[in-house]
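See structure below.
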Protein chains: 2
Amino acid sequence: MTEDDIIKELTKGQRKAPNRFGIGDDAALVVDNRIITHDTMIESIHWDSKLSPADVGWKLVAINVSDIGAMGGTPEWCTLSLSVPEKTNIDWITAFSKGMREALKKWNINLIGGDTTRSPNHIVASMAMGSRRGYNWAWQHTAQKGDDIWVTGTLGDAAIGFFEPKKHTYNTALQRPIPPAEFGQTIAHNKMIHAMIDISDGLHNDLTRLCTRSKVGARIDPTALPASSVLYNNKKSLAYQTAFGEDYEYLFTAAPNLETLLRKLAAQHKVTIHKIGKILDAKHSITLDNTPWPSTLFSHFQKAK
Amino acid sequence: MTEDDIIKELTKGQRKAPNRFGIGDDAALVVDNRIITHDTMIESIHWDSKLSPADVGWKLVAINVSDIGAMGGTPEWCTLSLSVPEKTNIDWITAFSKGMREALKKWNINLIGGDTTRSPNHIVASMAMGSRRGYNWAWQHTAQKGDDIWVTGTLGDAAIGFFEPKKHTYNTALQRPIPPAEFGQTIAHNKMIHAMIDISDGLHNDLTRLCTRSKVGARIDPTALPASSVLYNNKKSLAYQTAFGEDYEYLFTAAPNLETLLRKLAAQHKVTIHKIGKILDAKHSITLDNTPWPSTLFSHFQKAK
């Protein structure tokens with residue numbers, strides 16, 4: 001049973017949502033032009049001992065912020081539903097709250113409500129988040145032939161934090177992701193991009209999703225993929241960069257003539273961006289130059305097993 | 001560690017929400033005058049074999065509808081975050097979806113997004129729901145001395161479905177609750193009530209909550225509590241009616257001169273209402289006439305253990 005099977009059942013016979021971006025996308029639109037997201041993190045599935053309780057609190061906020069920023073929105077409010085086993089200590093809650101609070105403060109988000117309840121064995125933290133009202137949303141289905149493909153930040157940091165934690169110091173992409181949501185919001189609102197997606201399921205998966213929805217092909221230059229120094233000389237670099245996920249960065253596509261302006265805006269936002277490939281027409285598939293795509297290291301749906 | 005301890009930690013140092021109804025209430029208000037709710041149901045905590053998968057789908061919608069209706073709102077959209085163990089069969093998802101769909105259709109709600117993910121052992125279903133925009137919300141903190149206390153429907157049906165399932169046929173308050181949300185919305189919008197709360201945590205708990213927040217006392221006539229015929233001659237009636245919960249009915253308080261109008265509106269909505277007591281001033285406690293309150297049969301936070 002795949003995630004797609006489940007979504008198909010859940011949405012069967014569903015009356016059409018107010019717009020075409022319903023369940024199955026990372027975020028949904030509400031009638032009054034707000035984006036709503038809803039993500040759940042479960043102990044042992046979405047985190048293990050590599051994340052402190054404060055990291056979990058931070059990350060739950062960050063993954064929702066990432067979804068909203070990827071659609072060009074600015075987060076405004078959230079609700080939290082927290083379910084804890086009887087054995088959980090109040091210290092866990094205190095530390096979780098601290099991490100959550102830091103992230104809420106960073107992105108200027110109000111926690112407006114929610115509920116708490118008992119869980120049998122594992123901590124479950126579910127957060128819904130809403131954006132401010134806005135227009136010029138960024139979509140996943142509107143990439144155009146001839147677009148440059150860009151990514152923010154560096155790729156593979158979360159993977160090395162996951163698979164080789166000892167080689168990596170604390171405070172990595174895995175524990176404390178900082179999605180460049182303001183930059184995403186800026187380039188979407190200024191109509192500088194044609195499509196955008198966060199690559200939390202990995203570059204290959206999310207690029208495929210964006211191209212399929214846009215009915216286009218793509219070619220990626222593996223030598224152009226940005227990496228931080230922790231990947232230096234690591235033989236698994238390419239797999240870490242393309243086949244894992246958990247990098248809360250954005251992939252976006254834009255007309256080539258906007259390169260200078262995009263680089264300038266990125267610099268203003270203290271975000272690095274790299275041009276990694278081209279959108280091709282639909283008769284092309286989605287390829288890496290001169291090398292096959294590495295096998296998936298990680299399924300978002302069975303993570304941290 | 002109580003639910004209150006957890007909420008205290010979660011909201012510590014939190015910047016003030018846009019209004020006074022933040023986390024800790026059943027529902028929260030957003031800046032643009034929508035109510036947002038967020039409730040989670042976990043297998044083995046919030047349901048067991050007494051609920052079919054379709055019942056769970058229905059009930060997840062109904063409990064959020066109940067929260068919104070209790071504040072006088074009309075539900076409009078929801079998001080679902082569903083987490084399932086690997087062992088879960090697609091048949092479970094299909095049946096769950098069917099029950100959810102029936103409830104969404106009943107209350108005219110759009111499922112606009114969400115996510116699906118893996119869970120280690122138990123199914124986790126988390127739903128956030130938003131109301132249409134509106135005014136004249138119903139509060140929990142505005143009951144006034146001299147108000148009549150009313151409840152909708154009958155009390156104790158969910159309890160007998162839980163404790164004595166063999167005595168009760170299928171399709172009880174426990175499996176398929178139908179909160180009278182439209183009636184709640186109507187009496188709130190017509191400014192006919194002073195305060196309202198849903199009694200899903202039990203009459204005693206929720207009346208205490210409402211009175212504490214309103215800084216008033218209350219006196220309830222146990223002989224006036226409405227019961228359906230399944231409670232006839234049951235020695236535990238009073239405990240089932242006051243000390244269990246899961247009855248998705250509303251308790252509201254209103255000026256005595258509105259009795260006739262309230263009864264008329266209730267009849268129009270095919271909702272039964274019963275006058276069960278009086279709001280007293282703060283120097284009175286919250287009492288049952290001639291009998292102590294039965295001990296809690298059920299803690300919302302440790303249910304179905």
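Structural remarks
- Expected 222 nm ellipticity per residue - DSSP helices of 4 or more, -39500 (n - 2.57), all of the protein assembly as shown, to 500: -9000 deg cm²/dmol
- The loop-placed trypsin sites (Lys or Arg not before Pro) in segment A:42-115, going by DSSP, that have at most 15 neighbouring Cβ atoms within 10 Å of their Cβ come out as A:LYS50, A:LYS87.
- DSSP bridge orientation in the protein assembly as shown - percent antiparallel, rounded to nearest 5: 75 percent
- The dipole here belongs to the protein assembly as shown: it is taken about the Cα centre, uses +1 on the Cβ of Lys and Arg and -1 on the Cβ of Asp and Glu, and is about 720 debye.
- B:LEU261-A:TYR135 FRET efficiency (beta carbon distance; Förster radius 30 Å; 0.05 resolution): 0.10
- Distance histogram for chain A (every C-alpha pair counted, 20 angstrom bins, percent rounded to whole numbers): 34, 60, 7
- Charging the Cβ of each Asp and Glu at -1 and of each Lys and Arg at +1, and nothing else, the dipole of segment A:18-131 about its Cα centre rounds to 200 debye.
- Label-point distances for B:LYS166 to the equivalent site in the other copies, using a point 7 angstrom along Cα→C-beta, read 6.0 nm when ranked shortest first.
- Segment B:98-201: chymotrypsin sites (Phe, Trp or Tyr not before Pro) in DSSP loop, at most 10 other beta carbons within 10 Å: B:TYR135
- For segment A:213-245, the list of chymotrypsin sites (Phe, Trp or Tyr not before Pro) that fall in a loop by DSSP and count at most 14 other C-beta atoms within 10 angstrom reads A:TYR232.
- Using a 7 Å Cα-to-Cβ projection, B:ALA267 label spacings across copies, nm, ascending: 7.7
- Residues with amide H under 5 Å from that of A:ALA195, placed H, sequence gap 5 or more: A:THR253
- Among the listed pairs B:LYS166/B:LYS270; A:LYS167/A:LYS270; B:LYS167/B:LYS236; A:LYS145/A:LYS283; A:LYS98/B:LYS8; B:LYS98/B:LYS270, those beyond 22 Å (Cα-Cα): B:LYS166/B:LYS270; A:LYS167/A:LYS270; B:LYS98/B:LYS270
- Placing a label point 7 Å from the Cα of B:GLU86 along the Cα-to-Cβ direction, the distances to the matching points in the other copies come to 2.9 nm, shortest first.
- Unit Cα scatterers, Debye sum, the protein assembly as shown: log10 I(q)/I(0) for q = 0.07, 0.08, 0.10 Å⁻¹: -0.45, -0.57, -0.85
- Centroid-to-centroid, using Cα positions, segment B:169-247 and segment B:68-96 are 24 Å apart.
- Each Lys or Arg adds one and each Asp or Glu subtracts one; over the other residues with Cβ under 12 Å from the Cβ of A:SER229, this totals 0.
- Tensor-based shape of segment A:115-209 (alpha-carbon gyration tensor, a/c under 1.5 rounded, otherwise prolate or oblate): oblate
- A:GLY202 long-range amide H proximity, modeled H, under 5 Å: A:GLY245, A:GLU246, A:ASP247
- When B:LYS264, A:LYS235 are arranged by Cβ crowding within 10 Å, least crowded first, meaning fewest neighbours, the order is A:LYS235, B:LYS264.
- Magnitude of the charge dipole, segment B:118-218, Cβ model with Lys/Arg +1 and Asp/Glu -1, debye to 20: 300 debye
Bear in mind these aren't lab numbers, they're just calculated from the coordinates by the rules spelled out. These numbers were taken from a predicted model, which means no experiment stands behind them. When we count neighbours, we look across all protein chains shown, and the Cβ atoms used for this are built from the backbone with ideal geometry, even at glycine.
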